[in-house]
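Engineer: Here it is, the structure in full.
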Amino acid sequence: MVDLDPEVSSGYTCLNELENPGAGATALGVFSILFSTCVGIPQAYKIWRLKSSRGVSFLTLGLGNIGSFLYVLNLVILHYNQITLSLSRDFTFWVSAQRSLTFVWVELFNALSMLCIYPIASLYVVDEPCPVKIPSLGINTVYSMRDAVYYGFLVQVGVVFVAWLPAVFVFSVDGRCEPLALYGNFVGFLVGLIIVVKFLPQLRESWYARGSYSLSYLTYGVDAAAGIVAWAQKVFVTNERVSSWLPPLFLHALEIFVLCLNFYHDRAGHQDMSRRHGPGHDAHRRRASGDERDDDPEARYHHPGRGTAAPLGYVDDGGYGAGRGTGGGGRDWDTQRLLRPLSPSGMRRQRSFTDFL
């Protein structure tokens, strides 16, 4: 049940009674919590597996962290009266009352899951110059990328701490949602603003990177799909206000555009590599994965201007074994040997499960 306290202004609704959802809604809530807990794992794993954070925007990660924890704050304010009620009895009652707080738990675990990406990405950041220019504040300096990532994390912690501080103080003194109604509206406005702008840096990063590199298709693809389903529910089922679904719709549209852009560049880069290195390129990659026999003439990588690569497992002896057994080409053979070309992202020698994350 939802009651609007007469003291609450600007349409902010404090939830004052516990709800009693059915078994289906409860199961869906549990699934949503588990899903939100795992959503950041593919992105974190891909960065760790490739040992690189190339293609991932730290500004988008940072804005996402701030927005996520501000959204949790907004939900805590909204549900605080329910939280107080859930703590008024024994543990069994508390567990039952969590069905009314599903959205709080979903967003909390989602925020923690996405937060884990940032430190892992920072371990594999390319330490290059990072100019920071804010003319209005008189800031014009150059940091190393590692320092910029570290200071960016401190800024995130500071913003979230400052945002939570008034709420924690009011809760400790008054213990109700109503005094924070206007503040909840302000936090909600900030969350909507962050939702709109947070993926723009990732769009720029992907545009210039011309490939997915370490950006996860799975994490952001699933997030976009779930967001579109939520948008449809808000528009066609619950008929919510435009302000509640338009910012997320813009975000998920950007996610879909970036993923399509990355897929296009990844695919185009792979096809271009096959064209540049001749028909033996794909055959060589199949041979490397064990799909071709040793005696297949196309299993050896062929470059149109440099010749055919040595068989896999061949070790050059500097020409001393010329004419002795296999690989008798000696130094002439050595001049023809080539390293296998990198994949379109420039970091992997062949496609693997990681490429599809």
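Engineer: Using 0.36 nm times the number of residues separating Ser96 and Glu19, minus their current alpha carbon distance, what extension gain do you get?
Structural biologist: Numbers: separation 77, 0.36 × 77 = 27.72 nm, distance 0.98 nm.
Contour length minus the Cα-Cα distance gives 26.7 nm.
Engineer: Calculate, in nm to one decimal, what Ala253 and Val155 gain on full extension: separation in residues at 0.36 nm each, minus their alpha carbon distance.
Structural biologist: Working: separation 98, 0.36 × 98 = 35.28 nm, distance 2.76 nm.
Between Ala253 and Val155, full extension yields 32.5 nm more.
Engineer: Could you name the lysines whose alpha carbon sits less than 24 Å from that of Lys133, not counting residues in the same chain fewer than 8 places away?
Structural biologist: Lys198
Engineer: Got a sec? How would Met114, Met145 order by Cβ neighbour count within 10 Å, fewest to most?
Structural biologist: Details: Met114 22, Met145 16.
Least to most surrounded, the residues fall as Met145, Met114.
Engineer: List the residues, sorted by chain then number, that are 5 or more residues from Val132 or on another chain and whose placed amide H is less than 5 Å from its amide H.
Structural biologist: Thr141, Val142, Tyr143
Engineer: While we're on this one: Subtract the Cα-Cα distance of Phe35 and Val142 from 0.36 nm times their separation in residues, and report this length gain in nm to one decimal.
Structural biologist: Numbers: separation 107, 0.36 × 107 = 38.52 nm, distance 3.95 nm.
Once the chain is fully extended between Phe35 and Val142, it gains 34.6 nm.
Engineer: While we're looking at this one, here's another question. From the C-alpha gyration tensor of the stretch 40-86, pull out the three semi-axes of the equivalent ellipsoid (sqrt of 5λ each), sorted largest to smallest, in whole Å.
Structural biologist: Details: eigenvalues 225, 33, 4 Å².
For the stretch 40-86, the semi-axes come out at 34, 13, 5 Å.
Engineer: Here's a follow-up. Checking the a/c ratio against 1.5 first, then a/b against b/c, what shape does the Cα gyration tensor give for the stretch 23-199?
Structural biologist: Details: a/c = 2.84, a/b = 1.53, b/c = 1.86.
Verdict is oblate for the stretch 23-199.
Engineer: Amide H to amide H, which residues 5 or more places from Ser212 or on other chains are under 5 Å from it, using H placed in the peptide plane?
Structural biologist: Counting only residues 5 or more places away or on other chains, the set is Asp266.
Engineer: Continuing with the same structure: Which order do Cys177, Cys130, Cys14 fall in if you start with the one that has the fewest other Cβ atoms within 10 Å? Each step should come with its number before you reach the end.
Structural biologist: Details: Cys177 27, Cys130 18, Cys14 23.
So the residues, fewest neighbours to most, are Cys130, Cys14, Cys177.
Engineer: For a footprinting-style exposure proxy, rank Glu19, Glu128, Glu178 by other Cβ within 10 Å, fewest first.
Structural biologist: On the way: Glu19 14, Glu128 9, Glu178 19.
Least to most surrounded, the residues fall as Glu128, Glu19, Glu178.
Laboratory data are not the source of any read-out in this text; all were calculated from the coordinates shown. Quick caveat: nothing in here was measured; it's all calculated off a predicted structure. Here Cβ is always computed from backbone atoms with ideal geometry, including for glycine, and neighbour counts include all displayed protein chains.
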